[in-house]
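> Shown below is the structure under consideration.
Coordinate-derived values only; no laboratory data. Everything quoted here is computed from the prediction, not taken from an experiment. Neighbour counts run over all protein chains shown; Cβ positions are idealised from the backbone, glycine included.
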Amino acid sequence: MRVPKYLIMKTLFFKKETQQMSRLIRCLLLFSSVCACTATAQEETLALETEPETTPVVRPEVSDATSLKLIQNYRTVTGGTNAHEKITNIVATGKIVEAGKIKSFVLIETNSGKRKITYTWRLLGRDYERIVAYDGEKVWSQEVRPKEQPAKVVEGQDALHFVNQRWCLQPLVDPRQDPFVFKYQGLSKVYGRPAYIVIGYGIDDERSWFYFDTDKFLLTRWGGLGTIAGVKEYLDYSAKKFSKVNGVLLPKEIDLLAENEKFGTITFDTTLANQKLGPDVFKMPPSKVPVLRQATN
């Protein structure tokens with residue numbers, strides 16, 4: 001029995017329409033899936049960046065394998081663990097532009113975490129100088145010019161931020177991880193580039209966020225909670241340029257970020273490693289204010 005030609009054509013047409021409809025449904029499902037994944041990723045990134053104020057701090061007992069692998073990749077691409085471990089300190093000079101104000105700085109950082117930054121600037125014909133330092137136990141600051149003031153201890157979130165957020169020598173090289181413990185958290189982006197996030201739990205369990213580029217494994221952003229006008233804010237650093245110092249890639253230019261908005265830039269003019277430091281370079285100077293003592297009979 002011969003099937004009429006019009007029935008064959010109708011069947012073929014129906015089959016073609018069914019295939020096209022099937023492809024359309026698959027495309028719609030795929031599009032919905034992509035949208036859902038994108039939304040989930042965006043929600044995850046938002047959750048990651050707002051976690052400090054919404055999640056209790058729970059310090060891991062040990063660093064996880066993923067974070068340690070990312071840190072190892074970072075060490076490898078920036079010069080190797082041996083080269084990192086050979087750097088005991090750096091002394092750097094440069095300029096910092098912060099909210100439109102330009103200051104010169106001298107930075108000293110050691111592999112043990114000690115830090116000292118001396119800022120100098122000129123305003124309305126007067127020279128200013130300010131020192132902020134961490135001696136391994138406490139953070140202190142001093143106004144040196146135009147009129148020298150007694151050094152004072154800095155406490156609170158500002159002190160924690162200064163101790164944990166460094167410009168050059170990061171706590172990412174064995175055996176310098178103590179007291180740091182690291183935990184892999186997820187994915188985010190730094191200036192549009194994908195990055196892995198690792199949390200570092202440091203002194204007093206203060207958390208720092210380290211962003212490693214997914215392609216080059218460079219540390220492109222890091223930071224934690226600081227304060228602006230007495231209010232807790234996320235204060236981060238983002239490295240834009242790098243240069244080799246004793247075989248190790250260190251930042252050459254850093255953006256200052258507050259709540260993901262750029263408000264300044266750090267530019268390094270010189271960075272020298274393993275400089276001879278005096279024994280009192282980080283020591284808080286004694287007060288020169290005379291102390292009145294009551295006479296005893």
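> Given the peptides 186-197, 121-132, 158-169, arrange them by the average over their residues of other C-beta atoms within 10 Å, most packed first.
Values: 186-197: 15.9, 121-132: 12.7, 158-169: 20.6.
Final packing ranking: 158-169, 186-197, 121-132.
> Starting from the Cα gyration tensor of region 53-96, take the square roots of the eigenvalues, sort them a ≥ b ≥ c, and report rounded, prolate or oblate (rounded when a/c is under 1.5, otherwise prolate if a/b is larger than b/c, else oblate). Intermediate values should be presented prior to the final figure.
On the way: a/c = 2.66, a/b = 1.41, b/c = 1.88.
In terms of gyration-tensor shape, oblate.
> Need the C-alpha centroid separation for region 178-255 versus region 76-144, integer Å.
17 Å
> Would you mind checking region 208-252 for residues with the amide N under 13 Å from a putative spin-label position 7 Å along Cα→C-beta of N73?
The answer is 211-220.
> Could you work out how much longer the chain between N260 and V57 gets when fully extended? Use 0.36 nm per residue separation minus the Cα distance between them, nm to one decimal. Mind dumping the intermediate values first?
Numbers: separation 203, 0.36 × 203 = 73.08 nm, distance 2.20 nm.
My answer for the length gained is 70.9 nm.
> What is the gain in length, in nm to one decimal, between E253 and T120 on full extension, counting 0.36 nm per residue of separation less the C-alpha to C-alpha distance? Can you show the working numbers first?
Values: separation 133, 0.36 × 133 = 47.88 nm, distance 1.89 nm.
Full extension from E253 to T120 adds 46.0 nm.
> Largest first and in whole Å, what are the equivalent-ellipsoid semi-axes of region 164-297 based on the Cα gyration tensor, each being the root of 5 times an eigenvalue? Present the calculation step by step, with values, prior to reporting the outcome.
On the way: eigenvalues 238, 80, 56 Å².
Square roots of five times the eigenvalues give 35, 20, 17 Å.
> While we're here: Give, as a single signed number, the net charge of other residues whose beta carbon lies under 14 Å from the beta carbon of E148, with Lys and Arg counted +1 and Asp and Glu -1.
Net local charge, E148 excluded: +3.
> Sort V139, V58, V97, V154 by Cβ crowding within 10 Å, fewest neighbours at the top.
Ascending number of Cβ neighbours within 10 Å: V58, V97, V154, V139.
> OK, next. Beta carbons within 10 angstrom, averaged per residue: use that to sort the peptides 219-231, 253-265, highest first.
Packing proxy ranking, top to bottom: 219-231, 253-265.
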